Structures are given as structure tokens and as C-alpha cells.
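Peer 1: After the C-alpha cells below, expect a handful of questions from me.
Any read-out appearing in this document is the output of simple, stated calculations on the displayed coordinates, not a laboratory observation. Since we're looking at a predicted model, the values are computed, not measured. Here the Cβ is made from the backbone with ideal geometry for all residues, glycine too, and neighbour counts use every protein chain on show.
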Amino acid sequence: MSAERREHRRFKLNVPVEIYPEGHETPFRGATTDLSLGGCYVESESPFPENSGIVLCLKVDEIEVHAEGMVRVMHPGFGMGIEFASRTQEQRDQVGTFIGSLTSRPGVVPQLTISPRALTAANDHGATESPSAADSEDSLLELLRHHEALSQEEFLQELRGQRSSEEVASS
């Protein structure tokens, strides 16, 4: 995979996020630290429980994008890994627009919010109908999907390791 293509697949960033737990009007603060076409990791002292359906809302100037997802991994007091729903082409396009609007406007600070939402699909164990070839190339998504065998420290170490290897590969 070329460095250019990889650059479009995985991003290290620090985007502030407001997290609105159910029943709370005041948001908790956090930061999106990793982003790929398949998911993201959000550092927050108040993450949602695993398997929670969520909706992310990104606003940048006149652009507003909504992307559904599911919390795949939750680290109490530290953060959560979210897999984006990508069952349909429309959902995949929304995630692409979401990433494009974050990366195409350097210097602009987006507004990012996360709220709980039940996913409409009956599949409680995944946010995709079937893995695609692109999914298998998404190291962040693979880490989110296979976190059960890792302790929180091992997971976070692997996440940091992926960031470092992506930085080297895209240089």
C-alpha cells in the first residue's frame, strides 16, 4: 500500500469532542486521538459502555455530518473505541465525508459531539454486514474488533504503536 493511500486510511489527530450521556444536558469533554475509515478512539473520563450505539456529529462551518457507530471497547476513566456503521454505501460515504471534512480544512477547529443512539440493525455484534478487503487493511478497526484478548494497557500500547508506525509509513 502506498504512503498516499495509507494516509487516507488512518489519521492521528487531537480533535476536541463533547460527549452527551443519556439524561445529561452538560457534555463531558474528550478528544478523538485516532481515526480511520472503520472507526475512531476517543479519550474521555466518561466513555459509553461497550456495545452502546452512538451517533457522531461533525460540524465544520456549513458542513454537518452524522455517522452512526458502536462502542467496541471501553476503558473506564480513559476512553472508548468506536466502530463506524458501514452496512450501506451511504453510510460508508458519510464516514468518508466525515474524514474528508476533518482533513481538508487545516487550521479549522471542528465541533464534534457524540450522543447515545440505538443502532437500527439487528446485528448486535458488529457494525458491518461482512468484512471487506478494506476492513482487513484497517489496523485501527482490527484492533477495535479484537480487543478482548488484550488488557487496557496492552490495547493502549498497541494503539500508540500503530500511531508510530503510521507516522513513519506516511513520512
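Peer 1: Testing the spin-label approximation: label points 7 Å from Cα along Cα→Cβ at Ser46 and Arg117. State their distance in nm.
Peer 2: 2.0
Peer 1: For every other residue with a beta carbon closer than 10 angstrom to the beta carbon of Thr113, add +1 if it is Lys or Arg and -1 if Asp or Glu, then tell me the sum.
Peer 2: 0
Peer 1: I'd like the Karplus ³J(HN,Hα) series for segment 147-152: coefficients 6.51, -1.76, 1.60, θ = phi - 60°, whole numbers in Hz, and an x wherever there's a Gly or Pro.
Peer 2: Couplings: 6, 4, 7, 10, 6, 4 Hz.
Peer 1: I want to check the label-to-label distance for Glu18 and Thr97. Put each point 7 Å from Cα in the C-beta direction and report it in nm to one decimal.
Peer 2: Roughly 2.1 nm, to one decimal.
Peer 1: Once fully extended, how much extra length lies between Asp61 and Ser164, figured as 0.36 nm per residue of separation less the alpha-carbon to alpha-carbon distance?
Peer 2: 34.0 nm
Peer 1: Okay, next question. Take the Cβ-Cβ distance between Thr26 and Val109 as r, set R0 to 22 Å, and report the resulting FRET efficiency rounded to the nearest 0.05.
Peer 2: Between Thr26 and Val109 the formula returns 0.60.
Peer 1: 7 Å from Cα along Cα→Cβ at both Gln89 and Glu154: what's the point-to-point distance in nm?
Peer 2: Taking the two extended label points, one gets 4.1 nm.
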